[in-house]
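A.B. asks: Sharing a structure with you now.
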Amino acid sequence: MPHTGRHAGRGIELPARRRRYGHPPGGVLRVDRLTFGAKNSDRLPTYHRLDVSTQGEFKLLGVKTTAGVTVFNVYNRQNVWYRSYQTFGGSGSANDVLLMGRAINVFLRFGF
């Protein structure tokens, strides 16, 4: 497999400000439901993610081929998508719903 000498690498860092959301003040519970505080009165934890990608071109049996790999969320940070609230039996709970952790994508493209 002769290599044509074409190679590309990329990296992107995705920092973001903390998103606003309304939260239950002190977790106040009334008649099996949560009473929320003022709209956008609190913030979710800071969102941060690092993605990297690399790819190379070569000929495979005379066909232009590109192979590469992408790693999303390189350091596997637990970013919060939103906060879910549930009530049951006179008590309530808050759960963080997380975005995807580290994911690896390996690809192979053929050009005709």
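A.B. asks: Residue by residue through segment 64-77, which ³J(HN,Hα) values in whole Hz follow from phi under the Karplus form 6.51 cos²θ - 1.76 cosθ + 1.60 (θ = phi - 60°), with glycine and proline marked x?
C.D. replies: In residue order, the calculated couplings are 5, 10, 10, 10, x, 9, 10, 10, 9, 6, 3, 8, 6, 5 Hz.
A.B. asks: R0 = 30 Å: FRET efficiency of V52 with F88, Cβ-based, nearest 0.05?
C.D. replies: 0.10
A.B. asks: Moving to a separate point now. Under the rule of at least 5 residues apart or a separate chain, name every residue whose amide H is placed under 5 Å from the amide H of D42.
C.D. replies: Excluding prolines and chain starts, which carry no amide H, the hits are Y21, H23.
A.B. asks: Still on this structure, I have one more. Rounded, prolate or oblate: which fits segment 43-112 when a ≥ b ≥ c are the square roots of the eigenvalues of the alpha-carbon gyration tensor, with rounded for a/c under 1.5 and prolate only if a/b beats b/c? Provide the component values of the computation, followed by the final result.
C.D. replies: On the way: a/c = 6.23, a/b = 3.40, b/c = 1.83.
Because a/c hits 1.5 or more and a/b exceeds b/c, segment 43-112 counts as prolate.
A.B. asks: Mind listing the phi-derived Karplus ³J(HN,Hα) values for segment 43-59, rounded to whole Hz, using 6.51, -1.76 and 1.60 with θ = phi - 60°, and x for any glycine or proline?
C.D. replies: 10, 6, x, 4, 9, 8, 8, 10, 10, 10, 8, 9, 8, x, 10, 7, 9
Coordinate-derived values only; no laboratory data. Computed from a predicted model, the values in this text were never measured in an experiment. Cβ sites come from the backbone with ideal geometry, for glycine too, and all protein chains shown count toward neighbours.
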